[in-house]
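Inspection log for the structure reproduced underneath, given as structure tokens.
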Amino acid sequence: MLLAGGQGSRLYCLTQDTAKPAVPFGGKYRIIDFPLSNCVNSGIDTVGVLTQYQPLELNDYIGNGQPWDLNRNWGGAHILPPYTQSKTESWYKGTANAIYQNIPFVDRYNPEYVVILSGDHIYKMDYNKMLKFHKEKGSECTIAVMPVSMDEATRMGIMSTDDNDAIIDFEEKPKKPKSNLASMGVYIFTWAALKQYLIDDEADPKSENDFGKNIIPAFLRDGRPMFAYAFEGYWKDVGTLESLWDANMDLLDPTDPINMRDSTFRIYARNYASPATRIDPGAKVSNSFVAEGCIIRGSVEHSVLYTGCEVEEGAIVVGAVVMPNTVVRKGANISYAIVGEGCVIEEGVKIGERPENCPNEDWGITVVGHKKTLPAGSVIRPKEIV
Amino acid sequence: MNMTGIIFSELYAGELGTFTYDRNMAAIPFGGRYRLVDFVLSNMVNSGITNVGVLATQHYHSLMDHLNNAQQYDLNRKNGGLQLLPPFATENVGANNRGKLDDLRNALDYLETITTTPYVLLADAYVVCNIDYRPALEAHIASGCDITMLATLEEEPSEGNYVSVMRADAGHRVTSYALDCTAKPGDYASMGHMIISRELLINVIRDYTSRGIYDFLRDFIQHEFNRGRLSINLYQVDDVVLRIRNVNEYFHSSLSIIDSAVGTPLFRGDRPIFTRVTDEVPCYYGVESEISSCVIADGCIIEGKAENCVFSRGVKIGKGATLKNCVIMQGSVVGEGASLENVVVDKWVTVTNGAQLKGLVSNPVVIRKGVTV
């Protein structure tokens, strides 16, 4: 069950008209491709995608699930929006309530286990290994965890475990973290147990109907078997503009930390029919990740160019994340920025600044939202969001 | 759409050397991420044709693999869609191709079932183009002719032979029809596309093959035309048309798409060319890469220097490698410090570190699939 209804308000203009999981990532992907592909690569053939905030683009993108091999006769990808019922109608009040409202969907497939995922992380993970762990430990609730720095720990859900990996304490965004094991937002539950807790949680009028705030603490309070599964590998929350930019830049790391090139564990995406990228005479492309359908005549360095972008003569793109179908006209200059989908950056526009040309306190990533046309000669300063 | 498409996937297979050792002509890779068949097939789809039969007689595994369930062309339809038409298991299987009518006989049952479409577009897959067949069909119907040939107007004397060369009057009515010859300026060269009524086609296939006659162009079209029993309308195509009839044409046509004058109209956004999706990651250009005038598909890792090259999916160019005028097909690796000029490298080839390969512009070196150089 993939929770894809979040607004992702910390991505500001990038999620104004679209849900966070539909935000483009890494040249040709969208964030949701990662958890969806993880499911498929883990042998999961039934995925419910719970949508609520601005679902149009997401519905369109997932379609019948074919790009992820999830167009199945039985199971496959299902979009699960909130719906009206005979007596009530309700939006998804919280993450737990979203699953609660879809108990009939899960019951149709009568699974022993359910994995609860969120659509805002970039990582490759075989959920099967985690399920094996879940079974071996006799767990009813297994939470994937990663060691993080103590500073980061104050912003995340933190688990304390005993020697047997059993969870003995859980704190949401603790001021003084007792451990550095952060929840990755990946939960495996034994369905029968979860179902009962969801029903009980719904009956409690004081509950916020949230996994982190209510369900997990309830499991812990009742002493149900709960274990932390330590994940090793790349995992990044791309819920902020800085982290989204960072994760894109990680694609340029020659050691390939995300392990994108592992052909036995591919990340699938909906593909649009674009031709191979054309690099014209006079262009310069170095240390960059460039998707198909681009036409490059200018200079592109340390950047990620998404499908169908065009960079005209004399334009300079450095340290930038340029989302699909954006046109950068002659002589425009984009430095250390995220530029949204379908923008037109007119001639001579200057977006952002290299860190070395700017006092530390004034410097930051510049962000241009989707479908913006920036008039010729305009200047967007560092840290600005338009 | 009241027209069915039939694609011939074999023509010129013999002239294309090692490219067609283990694939038929329609399955030859082109343009970084396509196979030749993608162009004709996408044109049909973009023209609203929803019934397409693909005739295949020899080593068509690669083609089948590529066409898959036709989902990428939106031809996985309940009604109509794409149909592969392999040979019937008769005494002819494995025999030399005796002519287009022999192939078409395999499509006879198919043609008889497509009763809703009165017209058939017969198209050879050796042509790379992006054209709309709808105005061609309208012109065919308006002309009242038996057949409409799609052709290009030749401005220069041709070096090689065309399948058919025509002259036409001001009303685009064909006045002379010659086979397998060169074209003079003002002549029309056929591009292997023609429109004919389904009924006439079925009658011709039945009648001619029953008498052991298999050459569609010579024995039917030219023979009947010369006796005044067949009228031919000419539909002039002014779009980019690249013919892939031999290794040299393959090499030059492949590199020609780098030029925006060819590449932009061929890959126009309103009429996309569809192909099989392989889920490769985007291309990575290394810190030391120097790329100029290249067409590059997904999944490549480019760390060397390249000028005027086409790289298919998953190609790796090592540090210090220098490539000029090269076509490198899917999954091939060019080692560090290698030097290649005027070379066509088929799929899954390894060019070892420091290797030097140099062909001529007029005669490129071709490395066959899977070998190590």
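Some notes on this structure:
- When B:THR264 is tested against the conditions (1) surrounded by fewer than 21 Cβ atoms within 10 Å (Cβ to Cβ); (2) more than 11 Å from chain A (Cβ to nearest Cβ), the lone failure is (2).
- Note on the range B:194-213: residues that are of a type in the set (A, V, I, L, M, F, W, C) and out of contact with any helix residue (DSSP H, G or I) (no Cβ under 7 Å at 6 or more places or on another chain) amount to 3.
A quick yes/no check of all residues on (1) aliphatic (A, V, I, L, M); (2) open to solvent by less than 30 Å² (accessible area, probe 1.4 Å):
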| site | (1), (2) |
| --- | --- |
| A:ARG108 | no, no |
| A:PRO111 | no, no |
| A:ILE116 | yes, yes |
| A:SER139 | no, yes |
| A:ALA144 | yes, yes |
| A:ILE168 | yes, no |
| A:PRO174 | no, yes |
| A:GLN196 | no, no |
| A:PRO205 | no, no |
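- Filtering B:SER339, B:SER289, B:SER362 for residues that are over 25 Å from A:SER274 (Cβ atoms) and either free of Cβ contacts under 8 Å to residues at least 60 places away in the same chain or within 12 Å of chain A (Cβ to nearest Cβ) (or both) leaves a single hit, B:SER339.
- Breaking point among (1) touching a residue at least 24 places away in the same chain (Cβ under 8 Å); (2) surrounded by 19 or more Cβ atoms within 10 Å (Cβ to Cβ); (3) within 14 Å of another protein chain (Cβ to nearest Cβ), for A:GLY342: (2)
- Single residue of the range B:212-251 satisfying the filter (touching a strand residue (DSSP E or B) at 6+ places or on another chain (Cβ under 8 Å) and among the β-branched types (Val, Ile, Thr)) that is surrounded by the most Cβ atoms within 10 Å (Cβ to Cβ): B:ILE244
- Residues of the range B:278-309 satisfying the condition of being assigned to a strand (DSSP E or B), closer than 14 Å to A:TYR306 by Cα and open to solvent by 10 Å² or more (accessible area, probe 1.4 Å): B:TYR284
- Residues that are part of a helix (DSSP H, G or I) and open to solvent by 10 Å² or more (accessible area, probe 1.4 Å), drawn from the range B:1-49: B:ALA13, B:GLY14, B:GLU15, B:GLY17, B:THR18, B:THR20, B:VAL45, B:ASN46
- Among the residues making up the range A:355-372, those that are of a type outside the set (A, V, I, L, M, F, W, C) and open to solvent by less than 90 Å² (accessible area, probe 1.4 Å) are A:PRO355, A:PRO359, A:ASP362, A:GLY364, A:THR366, A:GLY369, A:HIS370, A:LYS372.
- Test for B:SER312: is it open to solvent by less than 40 Å² (accessible area, probe 1.4 Å), under 26 Å from A:ILE267 (Cβ atoms), of a type in the set (S, T, N, Q) and within 12 Å of chain A (Cβ to nearest Cβ): yes
- Note on the range A:41-54: residues that are touching an Asp or Glu at 6+ places or on another chain (Cβ under 7 Å) and surrounded by 21 or more Cβ atoms within 10 Å (Cβ to Cβ) amount to 1.
- Checked against (1) away from chain A (no Cβ under 14 Å); (2) open to solvent by 50 Å² or more (accessible area, probe 1.4 Å); (3) free of Cβ contacts under 8 Å to residues at least 40 places away in the same chain, B:ASN76 passes all but a single condition, namely (1).
- Test: A:ARG221 is open to solvent by 20 Å² or more (accessible area, probe 1.4 Å), basic (Lys, Arg) and farther than 24 Å from A:ILE168 by Cα: no
- Selection count, the range B:191-202, where residues are surrounded by 15 or more Cβ atoms within 10 Å (Cβ to Cβ), modelled with pLDDT of 95 or more and not hydrophobic (A, V, I, L, M, F, W, C): 3
- The set of residues in the range A:55-85 being surrounded by 14 or more Cβ atoms within 10 Å (Cβ to Cβ), of a type in the set (Phe, Trp, Tyr) and more than 13 Å from chain B (Cβ to nearest Cβ) consists of A:TYR61 alone.
- The residues on offer are B:ASP187, B:ASP215, B:ASP219, B:ASP238, and the sole one that is at pLDDT below 95, within 24 Å of B:TYR12 (Cβ to Cβ) and not basic (Lys, Arg) is B:ASP215.
- Of all residues in the range B:267-286 being at the interface with chain A (Cβ under 8 Å from one of its Cβ atoms) and modelled with pLDDT under 95, the one that is farthest from B:SER47 (Cα to Cα): B:ASP279
- Condition met for B:SER254 (open to solvent by 30 Å² or more (accessible area, probe 1.4 Å) and either within 14 Å of chain A (Cβ to nearest Cβ) or over 18 Å from the mean Cα position of the chain (by Cα) (or both)): no
- Of all residues in the range B:170-188, those being buried (at least 22 other Cβ atoms within 10 Å of the Cβ), in contact with a Leu (Cβ under 7 Å, 6 or more places away or on another chain) and not in a strand (DSSP E or B) number 0.
- Residue match in the range A:18-27 (condition: in contact (Cβ under 8 Å) with a residue 24 or more places away in the chain, farther than 25 Å from A:ASN97 by Cβ and either of a type in the set (A, V, I, L, M) or open to solvent by 10 Å² or more (accessible area, probe 1.4 Å) (or both)): no
- Elements of type helices (runs of 4 or more DSSP H) in the range B:90-169, at least 2 residues being open to solvent by 20 Å² or more (accessible area, probe 1.4 Å), without any contact (Cβ under 8 Å) to a residue 24 or more places away in the chain and of a type outside the set (Val, Ile, Thr): B:134-143
- Residue check for B:VAL262: part of a helix (DSSP H, G or I) and of a type outside the set (Ser, Thr, Tyr): yes
- Within the span defined as the range A:361-381, one or more residues are β-branched (Val, Ile, Thr), at pLDDT 95 or above, in contact with a helix residue (DSSP H, G or I) (Cβ under 6 Å, 6 or more places away or on another chain) and outside any loop (DSSP other than H, G, I, E, B).
- Conditions (1) among the hydroxyl-bearing types (Ser, Thr, Tyr); (2) out of contact with any Pro (no Cβ under 6 Å at 6 or more places or on another chain); (3) crowded, with 22+ Cβ neighbours inside 10 Å; number of the one not met by A:SER149: (3)
- Flag for A:PHE211 being open to solvent by less than 20 Å² (accessible area, probe 1.4 Å), away from chain B (no Cβ under 14 Å) and either free of Cβ contacts under 8 Å to residues at least 60 places away in the same chain or under 25 Å from the mean Cα position of the chain (by Cα) (or both): yes
- Restricting the range A:182-194 to residues that are assigned to a strand (DSSP E or B) and under 13 Å from A:GLY138 (Cα atoms), the residue that is most open to solvent (accessible area, probe 1.4 Å): A:THR190
The values are calculated or read from the model by the stated rules, or taken from the named source; none is laboratory data. Values in this document were obtained by computation on a predicted structure and should not be read as measured data. Positions of Cβ are generated from backbone atoms using ideal geometry, with glycine treated the same way; all protein chains shown enter the neighbour counts. Side chains included, ligands, DNA and RNA excluded: accessible areas come from the protein's heavy atoms. Shrake-Rupley method; radii C 1.70, N 1.55, O 1.52, S 1.80 Å.
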